[in-house]
1. Residue separation times 0.36 nm, minus the C-alpha to C-alpha distance between Thr147 and Asp87: what's the value?
2. If packing is taken as the average count of other Cβ atoms within 10 Å, what order do 109-117, 94-102, 60-68 fall into, highest mean first?
3. What percentage of the solvent-accessible surface of region 69-121, computed with a 1.4 Å probe over protein heavy atoms, is contributed by carbon and sulfur atoms?
4. Once amide H atoms are built 1.01 Å from N in the peptide plane, which residues 5 or more positions from Asp109, or in another chain, come under 5 Å H to H?
5. What residues qualify as long-range amide H neighbours of Thr121, i.e. H under 5 Å apart, gap of 5 or more or another chain, H built at 1.01 Å from N?
6. How large is ³J(HN,Hα) for each residue in region 127-132, as worked out from phi by the Karplus curve 6.51 cos²θ - 1.76 cosθ + 1.60 (θ = phi - 60°), to whole Hz, x for Gly and Pro?
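The values are calculated or read from the model by the stated rules, or taken from the named source; none is laboratory data. All values derive from a computational prediction rather than experimental measurement. No Cβ is skipped: glycine too gets one built from the backbone with ideal geometry, and neighbour counts run over all protein chains shown. Protein only, heavy atoms only, side chains kept; ligands, DNA and RNA dropped before computing areas. Shrake-Rupley method; radii C 1.70, N 1.55, O 1.52, S 1.80 Å.
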Amino acid sequence: MASDPADEIAAALARIRGRRPRPPFPPDAHHHPHGRGGGPWGSGAPPWADPGQGRFGGPARLRLLDALVAASGPMSVSEIAEAVGVDQPRASRLVQQAEQMGLVARETDPDDARRTRVRLTPAGEGLVSGFRGRRRDAVRSALEGFTDAERAELSRLLAKFADAWPSD
């Protein structure tokens with residue numbers, strides 16, 4: 001069975017997004033690329049925001065969840081910091097927020113009992129799956145005017161582009 005170009009395009013876009021340099025925002029600064037309260041959800045909160053626990057929709061927070069999905073197993077906070085593009089104290093705060101929301105859990109590192117590793121919980125996996133589904137649906141919608149051959153060619157070229165994207 002041939003793979004779906006929309007899935008491949010969404011995956012390539014995520015790989016590019018995961019490798020681009022991150023601007024050095026102060027740890028507690030709120031970055032609103034679409035203006036305060038704006039963005040694709042209008043003035044409402046994104047679907048993964050939890051008003052009782054604080055907003056969890058920031059780009060670094062989403063990259064945290066994406067990094068844990070992409071990892072072959074639980075990650076250390078240092079590994080998360082590197083994958084997300086933030087310093088270790090910021091990564092630690094992101095993990096703490098996600099843990100309070102039930103999206104991740106900490107466990108003892110089997111190689112060093114003094115260290116902890118972070119893994120997604122079933123709730124975190126569900127959140128990422130839903131987000132990825134919406135991203136895939138958006139890609140499919142954008143591809144509606146493309147022929148099958150154009151979709152396949154865009155998928156091939158974008159994957160090649162994402163593979164060549166600089167990692168630093």
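1. Once the chain is fully extended between Thr147 and Asp87, it gains 17.2 nm.
2. Averaged packing, sorted descending, gives the order 60-68, 94-102, 109-117.
3. In region 69-121, the share of accessible area belonging to carbon and sulfur is 44 percent.
4. Correct list: Arg115, Thr116, Arg117.
5. Those qualifying (amide H under 5 Å, at least 5 residues apart or on another chain) are Val104, Ala105.
6. Ordered by residue, 3J(HN,Hα) equals 4, 5, 4, x, 5, 5 Hz.
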